[in-house]
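Read the structure below first, then the notes.
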Amino acid sequence: MQTILGASGQIGQELAISLARDFTTDLRLVSRNPKKVNETDQLLSADLLDPDQAMKAVEGSEIVYLTAGLPMDDQLWVEQWPVMMNNVIKACAAHQAKLVFFDNTYMYPQTDTPQTEDAPFRPNGAKGRVRATITRELLAAMQNNRVQAMICRAPEFYGPGKTQSITNSTVIDNLRAGKPAKVFLRDDTLRTLIYTPDASRAMALLGNTPDAYGQTWHLPCDDNRLTYRQFIELTADLFGVEARYKVLKSWQLKLAALVSKTAKGAAELLPRYRQDNVFVSDKFKTRFPDFQVTTVREGLTAIRDESASE
């Protein structure tokens, strides 16, 4: 059996689709309120903050995917992420289950230096420090042979369905609704974005590749990076709307942070929007040369077509 912890999010749902299509229909979906993605899915309601519930969620699993997420709230991240990671590691160790952790880049330096799997951890705020802490805990557990695991890291994403990301909420959703897109700080820096179905499909492949364990993997992205101006122009052209957008300055974002927890939570990520963001996934592409990465144009076209069919 393969188990997805945090199965209700967009990554978890698409992971369930990929696993059932390409690897196994013996799937357990775990969240506080799980819902079937495939007809054969087994559902289990569990709170990963409770060690006994985490243990039960993992029991009987060969491979466990940790794709859980939390709202952009510093206090929640500081209080809950270390507990969840500790509970999941203990559960996987106890049941001898392999662990695949879906990670982000919050702990990386927010500079224009190309990011590879061996990039140093230099977090800029509370959430980045938490991600660095829990990632180091997992790395230590791997090195000490407590658990057989891997880390699958992704940059900022965009995607179909109810994908919750900065790019979806500030650009795609606004343009789709006929509103101006919003861009943080600059519109002329290059962005590396990953398409959520690609992230899930790649993670399913890695999880079912025995020699991929014991490593960190950057999930595959389109290397034809666009600036937000180019991304907005392409999105508007495909959606048949005007390419209107506003560049939000630092003072505007600071004001927003006073009244919005989400804006406050995103504040530590702002330096990454002042320069190019170059996330390198060459390691994955070399190991899996037949994996077809979705281009930004293809991804946006799929989002447009999905909207048209609703």
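Bear in mind that the values in this text are calculations on the coordinates, not laboratory data. If you're wondering where the values come from, they're calculated on a predicted model, not measured in any experiment. So basically every Cβ, Gly included, is an ideal-geometry build from the backbone, and we count neighbours across all protein chains shown.
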Checklist entry - Taking N as the number of residues in segment 255-306, what is its alpha-carbon radius of gyration divided by 2.2 N^0.38 Å? => result 1.73
Checklist entry - Gap in Å between the Cα centre of segment 181-210 and the Cα centre of segment 10-32? => result 19 Å
Checklist outcome for this item: Expressed in angstrom and ordered largest first, the alpha-carbon extents of segment 39-138 along the principal axes are 44, 29, 28
Checklist outcome for this item: Mean separation of Cα contacts under 8 Å (at least 6 apart) over the residue count of segment 213-310, i.e. the relative contact order in percent, is 44 percent
Checklist outcome for this item: Exposure-ranked with fewest Cβ neighbours within 10 Å first, Trp251, Trp81, Trp217 stand as Trp251, Trp81, Trp217
Checklist outcome for this item: Once Lys and Arg are counted +1 and Asp and Glu -1 for all other residues with Cβ under 12 Å from that of Val83, the total becomes -3
Checklist entry - log10 I(q)/I(0), Debye, Cα-only segment 115-166, no solvent, q = 0.14, 0.20, 0.28, 0.30 Å⁻¹? => result -0.51, -0.90, -1.15, -1.19
Item to check | Potential lengthening between Val83 and Asp47 on full extension [0.36 nm per residue; Cα-Cα distance subtracted] | outcome: 11.9 nm
Item to check | the chain: calculated mean residue ellipticity at 222 nm from DSSP helix runs of at least 4, using -39500 (n - 2.57) | outcome: -12500 deg cm²/dmol
Checklist outcome for this item: By the mean-Cβ-within-10 Å protection proxy, highest first, 53-60, 242-249 rank as 53-60, 242-249
Checklist outcome for this item: Applying the span-like rule to the chain (DSSP H, Cα extent along axis at least 27 Å, Kyte-Doolittle mean at least -0.5) gives 74-95
Item to check | Cα convex hull of segment 179-239 - mean projected area over all directions, nm² | outcome: 5.8 nm²
Next on the checklist: Considering only C-alpha atoms, what is the centroid distance from segment 49-65 to segment 99-141, in Å?
Outcome noted: 24 Å
Checklist outcome for this item: Projected onto their principal axes, the Cα atoms of segment 35-83 stretch, largest extent first, over whole-Å spans of 37, 22, 17
Next on the checklist: Can you compute the charge dipole magnitude of the chain about its Cα centre, using +1 on each Lys and Arg Cβ and -1 on each Asp and Glu Cβ, nothing else charged? Give it in debye, rounded to the nearest 20.
Outcome noted: 920 debye
Next on the checklist: Counting each pair of different Cα atoms once, what's the Kirkwood radius of segment 148-264 in Å, rounded to one decimal?
Outcome noted: 15.9 Å
Item to check | Cut-off 19 Å (backbone N to label point 7 Å along Cα→Cβ of Asp223), residues of segment 284-307 | outcome: 284-299
Checklist outcome for this item: antiparallel share of DSSP beta bridges within the chain, to nearest 5, in %, is 5 percent
